[in-house]
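The values are calculated or read from the model by the stated rules, or taken from the named source; none is laboratory data. None of these values were measured; they are calculated from a predicted model. Positions of Cβ are backbone-derived with ideal geometry, glycine not excepted, and every protein chain shown enters the neighbour counts.
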Amino acid sequence: MRPAPPTGPSAAACSLQSPLLGSARARGSSRRFWLAAALSALAGWGCKESKPDATAGSSTNPPSAAASNEIVIGHYGSLTGNTAHFGQDTDKAIRLAVDEVNAAGGVLGKKVRVVTLDDRGDSAEAANAVTRLIDVENVNTIIGEVASSLSLAGGRVAQRRQVPMISPSSTNPKVTQVGDYIFRVCFLDPFQGKVMADFAHDTLKFERVAILKDVKNDYSIGLADAFKAAFTARGGQIPVEQSYSAGDTDFSAQITAIKAANIQGLYVPGYYAEVGAIARTAQRLGVKVPLMGGDGWDAPDLFQIGGDALNGSFYSNHFAPDAATAKSQKFVSDFKAKYGQEPTGLGALGYDAAGVLFEAIRAGGKTDRAGIREALTHVKNFEGVSGTISINANRDADKSAVIVAIEGGKGKYRATVKP
Amino acid sequence: MSEFLQQIVNGLSLGSIYALIALGYTMVYGILKLINFAHGEVFMMGAYAGYYSAGWLGVRGYEASGVGFPLFLALAVLCFSMASVALLGVSIEALAYRPVRSAPRLTPLITAIGVSLFLQNAAMLIFSPNPRRYPAILAEVRFELGGVILTNIKLAIFAVAMLLMLGLHLLVQKTWTGRAMRALSMNADAARLMGIDVNATIRATFAIGSALAAAGGILFGLDQITINPLMGVLTGLKAFVAAVLGGIGNIPGALIGGVLIGLAEQLTAGYISPDYRDAITFVILILVLLVKPEGLLGVVRQEKV
């Protein structure tokens, strides 16, 4: 619990609202929230240059939290909705990291507390959630989101209010270009596309690969472009490029056209639900080449939908649960013990985002927002469960990717590719 | 050549599913002059009814053991889904459309859109919005014929769709219920004067149309691998276009319209661009409305003033 909310001359007005608002704790803060939300909306639309109003919690002088005995981390993610799996896994891993650090005495002698808000996979909700984390929950720093479009929406608010934000797993290059308060602990799409292109050409010895991308998804388009550029630069050919739209269920026309092109592999940089159906369609229509993809494949539903049609396929990812480093093995077993399931790569990155944050606060010795931001820029060679993380001048992480091979309906670690 | 034939085969199977759904639109329109926009959601509910009933009958166990799901259980799934969704269709009619039946025609139309949105969101709440893989109610067997890959599922889609449409034809032409339906679509007032139970006939129409959509839902799930609560939106619209193309209110027209839309969609996706696969359906709708608004098999009816 944080200290009692400040009450002032308006206490009488607050008590009038209390039957509606429920708990006494909610009173002051929710009133402040509405005020702050209104003001921040005004600040956003009306006067972008001006500093946020003092009433809305000035960034240079954050109230109560910094002076208190705890460090508050805000996490916003999709706990419900179409990508619920992404947010839930990340949140579980962050909470695991926080429990561990608290059990070891906290950071700088202070306990760490996480506040999680659901954005339902919607970018307007993501911006609202970040505003609420800053104004109502008064967080020291923010972790979020998985999907790049949501990190962009939330990141703009965090940047304007000058609260440091770490995206655990958004790979689109634009995310950290929002401003100097936005960081990430994962690699970028141009690297991920190149990793798979190199693997296809050098290890699998493919010369002819087709691409099937989701034209409604920036992530998919970016990854397809990166793959194509790297693969053709190595002398490979892309004889056919087909597309689909997120939500499609029929892929037989595309697969039939691809089949006619006589290819050795098929690159499908999409999200897991469509990829599973594409794999089954390819199997049904007699396309017997391996499929390849990116970290958007990383969900148990991929195997639930794709089944044995995915055997022999490969995808690039941040992390493989079965890769052997002492730290990642411990993470996997702790996660299993606590939640009864195996973590995905997104969980590993959520855990690492929290780890990088603790490391920065320890090294910098400060818990205020500007101090944490400054300390984050100096993080070098942090040993995370998803690899070694160094924050570079663009506030991105330079780190390696893994290639996962699918065998017997399960992902198996195949190789690590250094940047 | 084999690529072209493959696209034709895929288009035909997709088209016969559209035809099954289009029949529901066309029957209801023929009798009530109402475009039942909730019909796409009825189709979606049929797919989910099949998904869950197959689960209760232990389809996952059969899948895991590699033994095919027995045919009589598959037929039980089909019957259960058709029956439960027929009940849903009748309830929709009784709760949403009957109270506004005598209101101006715009009122039931907007009610239909409301029912459609209600069912979509209820499905997301109950079934979760995540796409689900359809269980192998029919174990897939593949065989090749001159470079074209055929599966028993595609053949079953043709067979089931054709059998159901033949059954519907017999029902409409040879039974008293069918005769009452035809009488009602010609002139509702005269039919009532002849002693036809209008409510019972409309109920039967909704029950039959919904049951056919439910069968379409199960076939769609088998053919397209995954189902989700929003699958009825676009599929329903395309089936509606198929009904308009064939001549709305006309049962053989719905069959021809469905197959033509399925072929047009598949060939556009294969030879022009998959980005235009949905657009082509609506281009056809616009062309039909401009050139032959009564549809391919429709007849122009003189509106009496």
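Residues to consider are A:Ala158, A:Ala127; find the one that is closer than 19 Å to A:Gly371 by Cβ and touching a helix residue (DSSP H, G or I) at 6+ places or on another chain (Cβ under 6 Å).
Matching residue, one of A:Ala158, A:Ala127: A:Ala158.
Of the residues B:Leu109, B:Leu88, B:Leu73, B:Leu117, which is surrounded by fewer than 21 Cβ atoms within 10 Å (Cβ to Cβ) and under 28 Å from B:Arg192 (Cβ atoms)?
B:Leu109
Of the residues B:Glu63, B:Glu41, only one is in contact with a Ser or Thr (Cβ under 9 Å, 6 or more places away or on another chain) and touching a residue at least 40 places away in the same chain (Cβ under 8 Å); which?
Residue meeting the stated conditions: B:Glu41.
Do we have any residue at all in the range A:312-320 that's buried (at least 20 other Cβ atoms within 10 Å of the Cβ), farther than 12 Å from A:Ile403 by Cα and assigned by TED's automatic domain parsing to the domain that holds A:Ala210?
No; the residues of the range A:312-320 include none that is buried (at least 20 other Cβ atoms within 10 Å of the Cβ), farther than 12 Å from A:Ile403 by Cα and assigned by TED's automatic domain parsing to the domain that holds A:Ala210.
Evaluate the range B:215-236: report whether one residue or more is modelled with pLDDT of 90 or more and farther than 30 Å from B:Ala139 by Cα.
No, the conditions are met nowhere in the range B:215-236.
How about the range A:112-144: which of its residues are more than 15 Å from the chain's Cα centre (by Cα) and part of a strand (DSSP E or B)?
Scanning the range A:112-144 gives A:Val112, A:Arg113, A:Val114, A:Val115, A:Thr141.
Of all residues being part of a loop (DSSP other than H, G, I, E, B) and within 14 Å of chain A (Cβ to nearest Cβ) in the range B:120-138, which is surrounded by the fewest Cβ atoms within 10 Å (Cβ to Cβ)? Just the residue, please.
B:Ser128
Given the residues B:Leu297, B:Leu219, B:Leu267, which is the only one that is touching a residue at least 40 places away in the same chain (Cβ under 8 Å), within 14 Å of chain A (Cβ to nearest Cβ) and surrounded by fewer than 22 Cβ atoms within 10 Å (Cβ to Cβ)?
B:Leu267
Pairs, please: C-beta under 8 Å, at least 6 apart or cross-chain, first residue at positive phi and in the range B:102-118, second surrounded by 14 or more Cβ atoms within 10 Å (Cβ to Cβ)?
Every condition considered, no pair remains.
Tell me which residues, restricted to the range A:169-218, are surrounded by fewer than 20 Cβ atoms within 10 Å (Cβ to Cβ), touching a residue at least 40 places away in the same chain (Cβ under 8 Å) and β-branched (Val, Ile, Thr).
Answer for the range A:169-218, where residues must be surrounded by fewer than 20 Cβ atoms within 10 Å (Cβ to Cβ), touching a residue at least 40 places away in the same chain (Cβ under 8 Å) and β-branched (Val, Ile, Thr): just A:Thr203.
Give the residues of the range A:291-311 that are of a type in the set (D, E, K, R), within 14 Å of chain B (Cβ to nearest Cβ) and either under 13 Å from A:Ile403 (Cβ atoms) or within 21 Å of the chain's Cα centre (by Cα) (or both), sorted by residue number.
Correct list: A:Asp301 only.
Which count do you get for residues in the range A:331-359 that are in contact (Cβ under 8 Å) with a residue 24 or more places away in the chain and basic (Lys, Arg)?
Looking only at that region, the number is 1.
Taking the options A:Lys327, A:Lys288, A:Lys338, name whichever one is basic (Lys, Arg) and within 14 Å of chain B (Cβ to nearest Cβ).
A:Lys288
Name the residue, out of B:Leu171, B:Leu184, B:Leu193, that is in contact (Cβ under 8 Å) with a residue 40 or more places away in the chain, away from chain A (no Cβ under 14 Å) and either surrounded by fewer than 19 Cβ atoms within 10 Å (Cβ to Cβ) or in contact with a Ser or Thr (Cβ under 8 Å, 6 or more places away or on another chain) (or both).
B:Leu184
Could you run through the range A:102-125 and say how many residues are touching a residue at least 24 places away in the same chain (Cβ under 8 Å) and among the polar types (S, T, N, Q)?
So the count comes out to 2.
May I ask you to verify whether B:Leu184 is over 15 Å from the mean Cα position of the chain (by Cα) and not in a helix (DSSP H, G or I)?
Criteria not met by B:Leu184.
What strands (runs of 3 or more DSSP E) lie completely within the range A:364-419 and have 1 or more residues being buried (at least 20 other Cβ atoms within 10 Å of the Cβ) and more than 21 Å from the chain's Cα centre (by Cα)?
By residue number, A:401-407.
Please determine, by comparing only the residues of the range A:73-90 that are of a type in the set (S, T, N, Q) and under 12 Å from the mean Cα position of the chain (by Cα), which one is farthest from the other protein chains (Cβ to nearest Cβ).
Only one residue tops the list, namely A:Thr90.
Name the residues in the range B:139-159 that are more than 11 Å from chain A (Cβ to nearest Cβ) and surrounded by 19 or more Cβ atoms within 10 Å (Cβ to Cβ), would you?
B:Ile157, the sole residue that qualifies.
Consider the range B:14-37. How many of its residues are assigned to a helix (DSSP H, G or I) and buried (at least 24 other Cβ atoms within 10 Å of the Cβ)?
Residues meeting the conditions: 16.
Only residues that are within 17 Å of A:Ile238 (Cα to Cα) and outside any loop (DSSP other than H, G, I, E, B): list them for the range A:257-313, please.
A:Ala257, A:Ile258, A:Lys259, A:Gly265, A:Leu266, A:Tyr267, A:Leu291, A:Met292, A:Gly293
Filter the range B:199-211 down to the residues that are buried (at least 16 other Cβ atoms within 10 Å of the Cβ) and free of Cβ contacts under 8 Å to residues at least 40 places away in the same chain and list them by number.
Passing the criteria: only B:Ala204.
B:Gly66 is checked against (1) within 14 Å of chain A (Cβ to nearest Cβ); (2) touching a helix residue (DSSP H, G or I) at 6+ places or on another chain (Cβ under 9 Å); (3) not charged (D, E, K, R) and fails just one. What number does that condition carry?
(2)
Could you list all residues from the range A:122-142 that are closer than 26 Å to A:Leu188 by Cβ and touching a Phe, Trp or Tyr at 6+ places or on another chain (Cβ under 8 Å)?
Residues satisfying the conditions are A:Ala126, A:Ala129, A:Val130, A:Leu133, A:Ile142.
Of all residues in the range A:114-158, how many are basic (Lys, Arg) and on the phi > 0 side of the Ramachandran plot?
The total comes to 1.
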